[in-house]
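Reading through the structure tokens given below for one structure.
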Amino acid sequence: DEQPPDVPARATALRNRPDPSSFAEEVDRARALAAHESHPGILAMRSRLVAPEDPPYLAAEWDRYIRETWGWGIREDGSVLVPHWDPDGRLVGCKVRLQGSKKQSLPGSTYDHMYGSWLGRQHREVFVTEGESDAVYVGYVAQQEGVKIDVFAMPSGAQQPVSDQWLDLLSGAQTIYLGLDPDEHGVDATRRWIDSLLNVRVNVRVCCLPLGRDLRDARPPLRDLLRASKRPLQAPSVTKQPGGFVRTAQNGNPVV
């Protein structure tokens, strides 16, 4: 059969697509620049993980954690590099956070694996966030509060479908906490996660965040957030509401 004329062009584009492993030198250089004494706390400040009124030493502590655990760095133009590795530790992508709210990716990046998958599974409790900054927040606070929990994020936003690959990573968990954004996309994603986990022997809990504020913005104490989480119904009558993810019905049951 004759192939469509655009097939060779697509194949050539795939062959010529940059190999993400080639980003390694740039990632290392960015981490080194972020660690330089002339940039104290720059990653935490650029990522809004600390507030302007926080003491400088706190931003420096955040930065050390971000660099050493998550591998973030900063380029000469001031943009933040957020690398993604696969479960085998291969560099598969790198996001670039420009000054302001603009984001882009280095050419050739792919985001198939959960963010943080290279850290592996260590604990029986897992926390799933919507993005990288939220994962960094939960991981840091868990460390500070002594909470033993694995933290992963959806690698490319709330609209990604839940893949079997992600479920394999989370298999064996005793409890999975869902801490996605309290907006329309976050609520839809939470519902997809709940539906995907219905046939898995796991305790699913939904964390309640203030309307319009993600984990990074709300900055809740982790133990309090986990303690206040709700068990979702398998077939809720309400999935979207202006007050966030969870409300309590008259019969006392949580509705997601």
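The values are calculated or read from the model by the stated rules, or taken from the named source; none is laboratory data. None of the values given here were measured: they were computed from a predicted structure. FYI the Cβ positions are ideal-geometry reconstructions off the backbone, even for glycines, and counts take in every protein chain you see. What goes into the accessible areas is simple: the full protein's heavy atoms, side chains included, and nothing from ligands, DNA or RNA. Shrake-Rupley method; radii C 1.70, N 1.55, O 1.52, S 1.80 Å.
A compact table of results
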quantity: Any hit, the stretch 84-91, residues being out of contact with any Phe, Trp or Tyr (no Cβ under 7 Å at 6 or more places or on another chain) and open to solvent by less than 30 Å² (accessible area, probe 1.4 Å); calculated: no
quantity: Candidate set from the stretch 92-113 (those that are open to solvent by 50 Å² or more (accessible area, probe 1.4 Å) and either among the charged types (D, E, K, R) or touching a Lys or Arg at 6+ places or on another chain (Cβ under 8 Å) (or both)); member that is farthest from R75 (Cα to Cα); calculated: D112
quantity: Filtered residues of the stretch 216-240 (kept if modelled with pLDDT of 90 or more, among the hydrophobic types (A, V, I, L, M, F, W, C) and under 19 Å from the mean Cα position of the chain (by Cα)); calculated: L222, L225, L226
